[in-house]
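Please read the structure below before turning to the comments.
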Amino acid sequence: MTQKTLTDGAQAGALEAPPEDSSTKRWWILAVVALAQLMVVLDATIVNIALPSAQADLGFSDGNRQWIVTAYALAFASLLLLGGRIADLFGRKPAFLIGVVGFAAVSALGGAATNFEMLVTARALQGAFGALLAPAALSLLNTTFTDAKERAKAFSVYGAIAGAGGAVGLLLGGILTDALDWRWTLYVNVVIAVLAFAGGWLLLNNHRDAANSKLDVPGTILVAAGLFSLVYGFSNAETHDWNAPETWGFLIAGGVLLVAFTWWQTKAAHPLLPLRILLDRNRAASFLAVLISGAGMFGVFLFLTYYLQLNLGFSPTKTGVAFLPMVAALMVAAQAGTTLLVPRMGPKAVIPLGFGIAALGMAWLTGIGVGSSYASHVLPQLVVIGLGLGLVMPPAMQLATGGVAAEDAGVASATVNAMQQVGGSIGTALLNTLAASAATDYLAGRDPSSKLVQAQATIESYTTAFWWSAGFFAAGTLIAFLLYRRGIPEQDPDAAPVVHM
């Protein structure tokens with residue numbers, strides 16, 4: 001038997017689902033993984049709607065309010081690659097189960113918070129356990145579904161949750177805050193976690209595909225510090241000026257640290273993020289697609305939430321319900337994109353098309369005004385945006401993790417999550433700053449005491465954010481078209497990763 005045969009056989013054995021895994025069991029695993037992913041994605045937005053209630057209850061200032069959101073984002077983004085590598089080194093099942101239990105425990109701690117410091121600490125710990133849970137969940141999906149058609153269906157579900165989870169978080173946060181109490185936006189994770197843990201304990205098999213490797217400690221420190229500085233710098237841009245040292249200083253430090261991390265990965269014996277993961281052209285394009293999607297989506301969730309509640313007078317629950325048509329459109333497009341279009345047309349046609357549709361929807365949304373109605377000026381646009389994002393995010397996530405060697409599945413999955421998180425941080429900071437500047441510019445030379453002028457200034461801020469989001473998606477159209485390779489991607493799950501430049 002040749003060495004190549006032995007290698008191919010080993011590779012196939014590493015990636016095949018265990019023999020006892022029936023098709024039914026795989027779909028139950030998908031349900032467990034999707035539930036855990038929903039819990040992580042929900043917490044990026046579910047607390048947002050509850051913030052005013054939490055602030056009134058705990059008595060913290062407006063300046064401190066942003067830290068309830070930022071603490072989660074900072075811990076989650078900076079520890080993702082470490083969490084992904086831990087799953088590869090020590091096993092995906094224990095990483096998944098520990099992540100679920102830890103996330104539930106600190107969520108309960110946050111729900112029981114008696115002061116601001118306790119709530120912020122719980123949110124940061126949520127981000128840390130989420131950084132362990134999210135890549136373990138995605139890599140489990142990647143290694144469980146090896147049949148091309150089944151894998152496409154699984155990723156259509158997972159990608160739809162990743163894309164629509166923010167909107168679902170707004171809905172659930174509104175319902176829980178209105179019906180119960182803001183604390184239930186955190187307690188609800190305990191209920192979800194019980195189901196996810198029970199399913200994971202019964203269904204998952206443990207794999208340690210990188211058990212012979214070691215943890216890259218210098219690389220871990222460099223990338224964690226780099227991602228922390230980057231997200232922190234963009235977060236500071238919301239509360240400080242772009243010229244403030246707290247903003248540009250951390251952004252520069254983050255860039256330098258990430259460059260140093262990249263250099264170190266070429267030297268390390270056991271790199272945290274093997275550069276072979278980034279060298280596949282389709283995979284690199286997919287990482288960028290997820291980054292751009294994360295940045296642009298905040299133009300929908302953040303500013304449209306403001307518009308619906310402050311301008312149209314929607315309650316938190318009604319605001320969440322208003323996003324459901326977008327969620328439905330996204331899920332339909334996700335199924336069509338991953339199972340029908342990409343396998344037949346290839347990503348070079350489908351993903352730029354999705355970005356283009358989303359850009360048109362965002363541009364259409366800029367037509368809102370002070371007296372606009374939801375049915376005519378918001379609903380059709382949301383459906384179009386959902387269809388576009390559904391053709392981008394699930395296929396991009398599938399391609400970003402497809403063809404990765406089993407020992408790299410966790411860290412590749414972590415990179416996908418990191419791209420979405422960093423993109424969201426960049427989008428939030430940029431859009432908030434641009435929107436505030438647009439409102440200020442509109443008020444210049446006008447009577448700021450006039451309610452009509454104030455209302456129109458807020459509309460100017462929203463539409464500016466929507467135009468920039470449309471610009472992000474338009475840039476994604478061009479980048480995706482240029483970077484993705486022509487043709488249909490390889491579907492052989494047993495093949496070793498091939499570098500295409």
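The values are calculated or read from the model by the stated rules, or taken from the named source; none is laboratory data. Quantities reported herein were computed from a predicted structural model and do not represent experimental measurements. Note that we place each Cβ from the backbone using ideal geometry, even for glycine, and neighbour counts take in every protein chain shown. Note: accessible area is taken over every heavy atom of the protein model, side chains too, but ligands, DNA and RNA are not part of it. Shrake-Rupley method; radii C 1.70, N 1.55, O 1.52, S 1.80 Å.
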Taking the Cβ-Cβ separation of LYS318 and HIS270 as r and a Förster radius of 41 Å, what is the calculated FRET efficiency to the nearest 0.05?
-> 0.20
Calculate how steeply helix 3-15 sits against the longest principal axis of the alpha-carbon atoms of the chain, using the helix alpha-carbon long axis, and give the answer as 0 to 90 degrees to the nearest 10.
-> 40
Once phi for every residue in region 452-468 is put through the Karplus expression 6.51 cos²θ - 1.76 cosθ + 1.60 (θ = phi - 60°), the whole-Hz ³J(HN,Hα) values, with Gly and Pro written as x, are 5, 5, 4, 5, 5, 5, 5, 4, 4, 5, 5, 5, 4, 4, 5, 4, 5
For LYS267, which lysines qualify as cross-link partners when the Cα separation must be under 17 Å and same-chain residues fewer than eight apart are set aside?
-> LYS214
Pseudo-spin-label distance LYS451 to SER372, built 7 Å along Cα→Cβ, given in nm, is 2.1
Compactness check, region 312-461: C-alpha Rg relative to the 2.2 N^0.38 Å globular estimate gives 1.30
Taking LYS153 as the anchor, which lysines have their alpha carbon closer than 25 Å to its alpha carbon, excluding any fewer than eight residues away along the same chain?
-> LYS25, LYS93, LYS348
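For the ranges 255-267, 306-318, 189-201, 218-230, what's the packing order if you count other beta-carbon atoms within 10 Å of each residue, average per peptide, and put the highest first? Let's see the in-between values first.
On the way: 255-267: 15.4, 306-318: 17.2, 189-201: 18.8, 218-230: 20.6.
Packing proxy ranking, top to bottom: 218-230, 189-201, 306-318, 255-267.
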About its Cα centre, the chain carries a charge dipole, from +1 on Lys and Arg Cβ atoms and -1 on Asp and Glu Cβ atoms, whose size in debye to the nearest 20 is 680
For region 324-385, what are the per-bin percents of Cα-Cα distances with bins 10 Å wide, up to the bin holding the maximum?
-> 22, 44, 24, 9, 1
Distance (nanometres) between label positions extended 7 Å along Cα→Cβ at LEU482 and LYS214 | 4.1
re the chain: pairs of Cα atoms spaced beyond 36 Å account for a percent value of 26
For ASP181 paired with LEU278, estimate the spin-label separation in nm (one decimal), with each label point 7 Å from Cα along the Cα-to-Cβ line.
-> 4.7
Leaving ligands, DNA and RNA out of it, report the carbon-plus-sulfur percent of the accessible area of the chain at a 1.4 Å probe.
-> 68
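Any idea what the relative contact order of the chain is, in percent, if you count C-alpha pairs under 8 Å spaced at least 6 apart?
Details: 940 pairs, mean separation 118.7, N = 501.
Normalised by residue count, the contact order of the chain is 24 percent.
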If we sort 423-434, 74-85 on the protection proxy, mean other Cβ atoms within 10 Å, highest first, what's the order?
-> 74-85, 423-434
